[in-house]
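Asks: Okay, handing you the structure first.
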Amino acid sequence: MIQLQNITFRDFKDIKKITSSQNVMKYVGDGNTWSIGKVKKFITYCQIENNQSDHKRTNYYYKIINIATEKSSKQSKQSMHNTHTFIGIIGFHTFLQFKDYYLSVYIKEHQQGKGFYSKAVNLLLQKVTIHKPDTNYILSLVYKDNEKMNSISKNKYCLLYTSPSPRDGLL
């Protein structure tokens with residue numbers, strides 16, 4: 001079961017690992033990996049935003065968690081417990097001077113292609129209707145050479161336009 005949860009400093013190690021991966025980051029933002037300082041700023045920023053009212057808040061980032069129930073047996077006692085696996089980060093946010101909302105997604109490389117993206121986007125869209133009910137769409141900026149994401153955008157979320165810039169699209 002996939003959940004979106006608020007980002008805290010307990011997530012530092014996972015966020016640092018995912019934002020240090022060139023294979024993940026080459027299609028996100030400026031394509032660069034993040035420094036420790038940038039990870040700390042991002043988490044601090046998320047915590048500040050979490051405490052703001054929806055009226056003031058402009059950025060909504062969440063960690064994507066997969067919760068699985070597993071059986072364990074210790075000394076002939078069987079029990080069930082949940083494991084929480086960090087999958088990535090998803091968010092919708094304003095972008096520079098524009099008033100529109102944009103989608104950002106970071107998924108761990110070995111978790112890609114397993115359906116987590118689609119499930120996380122659907123959960124995020126539910127949060128959009130709660131926090132920003134007047135939002136009619138979210139822009140998805142996708143690099144033109146990211147064939148996989150362009151295919152997903154076209155097939156599932158209807159890529160409405162392509163521009164000369166290296167990335168553009170509507171979700």
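Asks: Where residues in region 1-17 are surrounded by 15 or more Cβ atoms within 10 Å (Cβ to Cβ) and β-branched (Val, Ile, Thr), which of them is farthest from Ile67 (Cα to Cα)?
Replies: Here is the first cut: in region 1-17, the residues surrounded by 15 or more Cβ atoms within 10 Å (Cβ to Cβ) are 2-4, 7, 11-12, 14-16.
Among the residues that remain, those that are also β-branched (Val, Ile, Thr) are: 2, 7, 15.
Numbers: Ile2: 6, Ile7: 16, Ile15: 18 Å.
The selected residue is Ile15.
Asks: Under the condition of being open to solvent by less than 50 Å² (accessible area, probe 1.4 Å) and out of contact with any helix residue (DSSP H, G or I) (no Cβ under 6 Å at 6 or more places or on another chain), which residue from region 26-57 is nearest to Glu109 (Cα to Cα)?
Replies: Filtering region 26-57 down to residues open to solvent by less than 50 Å² (accessible area, probe 1.4 Å) leaves 28-29, 31, 34, 37, 39, 42-43, 46, 49-50, 57.
This time we only want the ones that are out of contact with any helix residue (DSSP H, G or I) (no Cβ under 6 Å at 6 or more places or on another chain), so: 28-29, 31, 37, 42, 46, 49-50.
On the way: Val28: 13, Gly29: 17, Gly31: 15, Gly37: 22, Phe42: 20, Cys46: 23, Glu49: 27, Asn50: 27 Å.
By that ranking, first place goes to Val28.
Asks: Follow-up. Looking only at region 103-116, decide whether some residue is closer than 25 Å to Leu139 by Cβ and aromatic (Phe, Trp, Tyr).
Replies: For region 103-116, residues closer than 25 Å to Leu139 by Cβ and aromatic (Phe, Trp, Tyr): present.
Asks: Among the residues of region 93-134, count how many are acidic (Asp, Glu) and either open to solvent by less than 50 Å² (accessible area, probe 1.4 Å) or assigned to a helix (DSSP H, G or I) (or both). Break it down stepwise before answering.
Replies: Taking region 93-134 first, the residues acidic (Asp, Glu) are 100, 109, 134.
Then keep just the ones that are either open to solvent by less than 50 Å² (accessible area, probe 1.4 Å) or assigned to a helix (DSSP H, G or I) (or both); that gives 109.
Within region 93-134, residues that are acidic (Asp, Glu) and either open to solvent by less than 50 Å² (accessible area, probe 1.4 Å) or assigned to a helix (DSSP H, G or I) (or both) number 1.
Asks: Pull out all pairs, ordered by first then second residue, where Cβ-Cβ is under 6 Å, the residues are six or more apart or on different chains, the first lies in region 77-102 and is closer than 18 Å to Leu124 by Cα and touching a residue at least 12 places away in the same chain (Cβ under 8 Å), and the second is among the β-branched types (Val, Ile, Thr) and assigned to a strand (DSSP E or B).
Replies: Once the first residue is closer than 18 Å to Leu124 by Cα and touching a residue at least 12 places away in the same chain (Cβ under 8 Å) and sits in region 77-102, its partners that are among the β-branched types (Val, Ile, Thr) and assigned to a strand (DSSP E or B) give Ile87/Ile64; Gly88/Ile64; Gly88/Ile107; Ile90/Ile64; Ile90/Val105.
Asks: Within region 61-80, can one find any residue that is of a type in the set (Ser, Thr, Tyr), in a strand (DSSP E or B) and surrounded by 18 or more Cβ atoms within 10 Å (Cβ to Cβ)?
Replies: Taking region 61-80 as the starting set, the residues that turn out to be of a type in the set (Ser, Thr, Tyr) are 61-62, 69, 72-73, 76, 79.
Narrowing further to those that are in a strand (DSSP E or B): 61-62, 69, 72-73, 79.
Still in the list and also surrounded by 18 or more Cβ atoms within 10 Å (Cβ to Cβ): 61-62.
Yes: one or more hits.
Asks: A follow-up question, please. Can you pull out the residues in region 28-73 that are touching a residue at least 60 places away in the same chain (Cβ under 8 Å) and within 18 Å of Tyr101 (Cα to Cα)?
Replies: Within region 28-73, Val28, Gly29, Asp54, Arg57, Tyr60, Tyr62 qualify.
Asks: Looking at this structure, is Val28 farther than 27 Å from Thr135 by Cα and not small (Gly, Ala, Ser)? Break it down stepwise before answering.
Replies: On the way: farther than 27 Å from Thr135 by Cα: no; not small (Gly, Ala, Ser): yes.
Judged against the criteria, Val28 is not a match.
The values are calculated or read from the model by the stated rules, or taken from the named source; none is laboratory data. Keep in mind it's a predicted model, so treat the numbers as computed, not measured. Counting neighbours? That spans all protein chains shown, and the Cβs are built from the backbone with ideal geometry, glycine included. The accessibility values were calculated without ligands, DNA or RNA, using every heavy atom of the protein model including side chains. Shrake-Rupley method; radii C 1.70, N 1.55, O 1.52, S 1.80 Å.
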